[in-house]
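For reference, the structure discussed in these notes is given below.
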Amino acid sequence: MRSRRPGLLVSLLAGAATVGALLTAAPAHAADPPLRDLADARGKVVGTAVTGSKLTGTYGEVAGREFNSLTPGNAMKWGSVEPVRGRHDWAEADRIVAFAEAHGQQVRGHTLVWHSQNPGWLTDGTWTRDELSAVLNDHIDTEVGRYKGRLAAWDVVNEPFEEDGTYRRTLWYDTLGPDYIAQALTRARAADPGADLYINDYNVEGVNAKSTALYDLVKSLKERGVPVDGVGLQAHLIVGQVPSTVRQNIQRFADLGVDVAITELDIRMQLPATEAKLAQQAADYRSVVSACAAVDRCTGVTVWGFTDSDSWIPDTFPGEGAATPYDENYAPKPAYHAIAQALGGGGGQPADGCTATYGVTGQWNTGFTGQVRISCAGASLASWKVSWTYGEGQRVSQAWNATCAQSGAVVTCGNAAWNGTVPDGGSVTFGFNASWSGSNGVPVVTLG
Ligand code: XIL
């Protein structure tokens with residue numbers, strides 16, 4: 001059974017341990033179905049990049065429950081699968097494909113021909129044109145052949161363009177000329193006629209010089225009869241900077257007769273994340289997913305990691321992060337609900353199910369100990385997040401069995417690694433110490 005989304009009735013347990021007033025507050029985020037059910041209902045993909053070794057525990061539960069497509073984040077790259085020439089290591093890629101099949105998910109192969117993350121023997125070698133052509137063919141035959149019939153799509157060629165729309169100067173381009181792209185596509189088609197073949201790039205989400213070069217390439221490949229089924233728009237975006245022409249750009253590729261997929265969506269921000277940035281991020285996620293949902297030939301959206309704990313952004317863009325729809329503790333962020341909305345869900349309408357109760361269990365002249373209990377009946381949670389706003393200057397100093405942060409008056413607490421699951425009929429409790437002065441009223445707690 002899939003668990004339901006964060007549920008709803010929020011109640012407050014007022015005052016100290018002895019106090020008994022039980023109030024019911026406004027409903028918070030509620031039970032939307034998992035993203036994959038919303039996407040399935042619209043015939044769309046909602047996918048995530050994954051790390052194979054992490055596909056257990058909460059990470060595996062969320063990946064399996066919420067997404068109908070997986071992309072190996074690194075496991076199928078040349079440097080991963082053939083670190084030593086002729087010696088292949090398929091362990092992580094196999095694991096991801098097996099997980100996907102066990103969970104009724106598509107797999108998007110990523111990626112066959114790229115300038116990055118190649119093995120040293122390839123990049124350090126000196127190659128004649130014929131030699132490199134044979135090496136490329138062999139790589140495609142071997143990797144595409146291995147997964148023949150099991151993958152929905154391949155990102156055959158990755159990042160072939162510079163920002164100005166000229167071809168990127170790579171080992172491939174410099175040795176084989178621009179027709180390395182047609183060669184790779186043709187070879188991939190022969191190795192797995194059932195997989196959709198894509199050219200994938202970044203900064204091609206809106207209409208610009210680079211996306212126009214991609215457009216012209218796809219047009220000419222189609223005219224020449226080279227097999228190309230789609231374009232991948234990576235969509236590594238920045239909060240507040242979604243191009244205004246995403247939908248128009250998707251539509252022009254669709255009109256060429258190819259599919260479009262958003263393949264690597266993430267929307268990064270300068271850390272620390274604030275409520276305002278997370279709200280803007282949600283609006284940005286909504287606009288990208290909505291642009292895809294609005295065009296028939298846009299097959300769907302894959303996020304490049306679903307949790308901030310498994311995102312490439314902090315390593316690659318120092319000082320930036322918080323780019324994915326779930327926080328580091330697997331609590332859904334506003335962006336998660338925005339994706340649900342763009343896929344036709346309510347994005348968190350009121351519903352019965354789970355409640356959060358806040359209580360003070362001990363209080364002295366300057367401090368107090370508090371407790372929050374999350375209980376479910378008729379629903380369950382795979383992760384949770386609660387927040388409240390203090391009206392009288394209270395400050396949380398320490399929490400246990402949850403990760404809490406206070407920003408101004410707003411306290412946000414997410415589950416610890418070990419207590420995200422709240423089963424139907426069960427509850428989870430966490431505690432905290434805080435300071436107070438004057439009075440110590442009970443805040444309204446929001447779950448979800
Ligand atoms: C990234 C991975 O997420 C990182 O783990 C790795 O260190 C570098 O590559 N465009 C792509 C992806 O096509 O393959 C990249 O993935 C991100 C940018």
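The values are calculated or read from the model by the stated rules, or taken from the named source; none is laboratory data. Only a predicted model underlies this, so the values are computations on that prediction, with no experimental measurement involved. All Cβ positions, glycine included, derive from the backbone under ideal geometry; neighbour counts span all protein chains shown. SASA here: full protein model, heavy atoms, side chains in, ligands and nucleic acids out. Shrake-Rupley method; radii C 1.70, N 1.55, O 1.52, S 1.80 Å.
Would you kindly state how much longer the chain becomes between ASP138 and THR429 on full extension, computed as 0.36 nm times their sequence separation minus their alpha carbon distance, in nm to one decimal?
Taking 0.36 nm per residue and subtracting the Cα distance, the gain is 99.2 nm.
How far, in degrees from 0 to 90, does helix 246-256 lean away from the longest principal axis of the Cα atoms of the chain, to the nearest 10?
Helix 246-256 sits at roughly 30 degrees to that axis.
On the protein heavy atoms, probe 1.4 angstrom, tell me the percent of accessible surface of the chain carried by carbon and sulfur.
50 percent
Given a Förster distance of 51 angstrom, what is the FRET efficiency for SER116 paired with TRP364, based on the Cβ-Cβ distance and rounded to 0.05?
According to the calculation, E is roughly 0.30.
Where does helix 57-66 land angle-wise versus the long Cα axis of the chain, in degrees 0 to 90, nearest 10?
Long axis of 57-66 versus the principal axis of the chain: about 70 degrees.
Kindly state, to the nearest 0.05, the FRET efficiency for ASP216 paired with THR56, given R0 = 30 Å and r defined as their beta-carbon distance.
The value I calculate is 0.10.
Go ahead and set up a Gaussian network model of the chain, Cα springs under 10 Å, then flag whichever of PRO83, PRO34, PRO227 fluctuates most.
Most flexible of the set in this elastic network: PRO83.
Please give the net charge around VAL113, taking every other residue with its beta carbon less than 11 angstrom from that of VAL113, where Lys and Arg add +1 and Asp and Glu add -1.
-1
Can you spot the lysines whose alpha carbon is less than 30 Å from LYS210's alpha carbon? Ignore those fewer than 8 places along the same chain.
LYS44, LYS77, LYS219, LYS222, LYS277
Net charge within 14 Å of PHE432 by Cβ-Cβ distance, Lys/Arg positive one each and Asp/Glu negative one each, not counting PHE432 itself?
Counting the neighbours of PHE432, the net charge comes to +2.
For a quick check, take a GNM of the chain with Cα springs below 10 Å and name the residue from LEU217, LEU112, LEU237 with the largest mean-square fluctuation.
So, out of LEU217, LEU112, LEU237, the one fluctuating most is LEU217.
Quick one: which residues, 5 or more positions from ASP196 or on another chain, have an amide H under 5 Å from its amide H? H modelled 1.01 Å from N in the peptide plane, none for Pro or chain starts.
The answer is ALA153, TRP154.
Can you tell me the length gained on complete extension of the stretch HIS103 to ALA416, counting 0.36 nm per residue apart and subtracting the Cα distance?
Fully extending the segment from HIS103 to ALA416 adds 110.1 nm.
Going by average Cβ neighbours within 10 Å, how do the peptides 124-130, 136-142, 74-80, 271-277 rank, with the highest at the top?
Averaged packing, sorted descending, gives the order 74-80, 136-142, 271-277, 124-130.
Test of understanding: what is the full-extension gain from ALA405 to GLU392, defined as 0.36 nm times their sequence separation minus their Cα-Cα distance?
Roughly 3.0 nm would be gained on extension.
Which whole-angstrom value gives the distance between the alpha carbon centres of region 66-82 and region 119-137?
Going from one Cα centre to the other spans 23 Å.
How far apart, in nm, are the 7 Å Cα→Cβ label points at ARG95 and ALA209?
4.3 nm
Sort 163-171, 307-315, 328-336 by packing, meaning the average of other beta carbons within 10 Å per residue, with the highest value first.
328-336, 307-315, 163-171
How large is the direction-averaged shadow of the alpha-carbon convex hull of the chain, in nm²?
Mean projected area for the chain: 21.7 nm², to one decimal.
Please list the non-local residues whose amide H lies under 5 Å from the amide H of VAL260, H modeled 1.01 Å from N, same-chain partners needing a gap of 5 or more.
VAL231, CYS298, THR299
Sum up the charges of everything whose Cβ sits under 11 Å from the Cβ of ASN200, counting Lys and Arg as +1 and Asp and Glu as -1, but leave ASN200 out.
It works out to a net charge of -3.
With a ≥ b ≥ c taken as the square roots of the eigenvalues of the C-alpha gyration tensor of region 225-381, please select rounded if a/c is under 1.5 and otherwise prolate if a/b is larger than b/c or oblate if it is not?
It is prolate, given that a/c is not under 1.5 and a/b is the larger ratio.
If I build a Gaussian network model for the chain, linking alpha-carbon pairs within less than 10 angstrom, which residue out of ARG373, ARG95, ARG87 has the largest mean-square fluctuation?
Highest fluctuation among the options: ARG87.
Kindly report the accessible area of the chain per residue (heavy atoms of protein chains, probe 1.4 Å, no ligands, DNA or RNA), in Å².
About 39 Å² of surface per residue is accessible.
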